[in-house]
1. From (1) part of a loop (DSSP other than H, G, I, E, B); (2) charged (D, E, K, R); (3) in contact (Cβ under 8 Å) with a residue 24 or more places away in the chain, pick out the condition that doesn't hold for ARG288.
2. Would you be able to say whether some residue in the range 254-277 is among the charged types (D, E, K, R) and touching a strand residue (DSSP E or B) at 6+ places or on another chain (Cβ under 7 Å)?
3. Taking only the range 165-179 into account, find how many residues are outside any strand (DSSP E or B) and either in contact with a helix residue (DSSP H, G or I) (Cβ under 6 Å, 6 or more places away or on another chain) or more than 12 Å from LEU223 (Cα to Cα) (or both).
4. From (1) among the small types (Gly, Ala, Ser); (2) farther than 26 Å from GLY294 by Cα; (3) assigned to a loop (DSSP other than H, G, I, E, B), pick out the condition that doesn't hold for GLY184.
5. Filter the range 55-70 for residues that are polar (S, T, N, Q) and open to solvent by less than 10 Å² (accessible area, probe 1.4 Å) and give the result.
6. State all residues of the range 80-113 that are assigned to a helix (DSSP H, G or I), open to solvent by 30 Å² or more (accessible area, probe 1.4 Å) and over 12 Å from ILE173 (Cβ atoms); if no residue qualifies, say none.
7. Kindly list the number of the only condition in (1) in contact (Cβ under 8 Å) with a residue 40 or more places away in the chain; (2) open to solvent by 20 Å² or more (accessible area, probe 1.4 Å) that fails for PRO25.
Amino acid sequence: MDNGNNNRLLTQAKVNFPPYGIDFPDGPTGRFSNGRNVADVIAQLLGFDKFIPPFATAKGREIVNGVNYASGAAGIRDETAEHLGARISMDMQIKNHLITILRLSYLIGNGSLVETKKYLNKCIYTVGMGNNDYINNYFAPIYYKTSSIYTPEQYAEALVEQYSRQLQNLYKIGARLFGIFVAGHVGCTPGMMTEFGVNSCVDEVNSAVTLFNSRLNTTLNDLNDKLVDAKFILIDGTLEYPNDINVTDTPCCMVSSTRGKGQCVRNQVPCSNRQNHYFWDAFHPTERISVIAGTNAYETLSVFYASEAIALSNDKETGYASDA
């Protein structure tokens, strides 16, 4: 979901260069895609005139409509992806959200955090974390010890416990409407298949992620029981795709095997049949896949916007979307 928050960071996990953004109106913006990402699609379907801005550059009244805090490679765990350089972990994203809340208190709350919290109660928070805690942590034993400390079951438990605390922290500062994405089957990414030296999905990786998703589902049900004035919805990633998306094991662009491993090589011409590709680079989907996934997320979240929970006014200033 990162749409530019990593651009100014000292990190390998940033993509503000061609061929990224080849199908995006503004060109390379820091989105890990040829075009729009899932957050963009949800915002468009909700009726926003503009994409939700990244926290790194959001300013003035544009934050009233929403802010995107997502950071490429970041995880639930603070150390996830530290071998790639700087990134904004989930805990740090929540701290950034607190900065936004202070700004909002002066823009819409007359300096009152109580009034601002009431506003946040109506906002949709979409959060998709966990993938990197496997790709850039548990299954990267050369850099991290987690796989020797935890069994897959223990790691899933530890991850979800920390994730639950983070979501409850968001609740404490005003969040009430949560759309939580399951972690993807990262064992089927070209990057992980290359890492394991196989040409089909890595069952070991997918099994570990499945344990995480199962625990996440149980935990969200528990949070719904515990926090009765909040609603946590799990957004499933198991979708049906058109038959013409038939290239599922190869990235559309030429990917690097060294710096920024798995990302597109700078300025190289990508494939022309992007509509047929599932993967843009070795880890991230093409825009077409994001449109399908974003549409599914939008429909799954309909309980929030189809009722009085959120109402987009004509000037689009009462609906707020927040992405992590």
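The values are calculated or read from the model by the stated rules, or taken from the named source; none is laboratory data. The structure presented is a predicted model; accordingly, all values stated were derived computationally and were not measured. Because the Cβ atoms are built from the backbone with ideal geometry, glycine has one as well, and the counts that use them run over all protein chains shown. Protein only, heavy atoms only, side chains kept; ligands, DNA and RNA dropped before computing areas. Shrake-Rupley method; radii C 1.70, N 1.55, O 1.52, S 1.80 Å.
1. (1)
2. No, every residue in the range 254-277 fails to be among the charged types (D, E, K, R) and touching a strand residue (DSSP E or B) at 6+ places or on another chain (Cβ under 7 Å).
3. Result for the range 165-179: 7.
4. Failing condition for GLY184: (2).
5. ASN68, the sole residue that qualifies.
6. Once the filter is applied, which keeps residues that are assigned to a helix (DSSP H, G or I), open to solvent by 30 Å² or more (accessible area, probe 1.4 Å) and over 12 Å from ILE173 (Cβ atoms), the range 80-113 yields GLU82, HIS83, LEU84, ASP91, MET92, ARG103, TYR106, LEU107.
7. Unmet condition: (1).
Conditions tested, residue by residue: (1) charged (D, E, K, R); (2) within 17 Å of PHE181 (Cβ to Cβ); (3) modelled with pLDDT of 95 or more.
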{"position": "ARG8", "(1), (2), (3)": "yes, no, yes"}
{"position": "LYS14", "(1), (2), (3)": "yes, no, yes"}
{"position": "PRO19", "(1), (2), (3)": "no, no, yes"}
{"position": "ASP23", "(1), (2), (3)": "yes, no, yes"}
{"position": "THR29", "(1), (2), (3)": "no, no, yes"}
{"position": "GLY35", "(1), (2), (3)": "no, no, yes"}
{"position": "VAL38", "(1), (2), (3)": "no, yes, yes"}
{"position": "PHE51", "(1), (2), (3)": "no, no, yes"}
{"position": "PHE55", "(1), (2), (3)": "no, no, yes"}
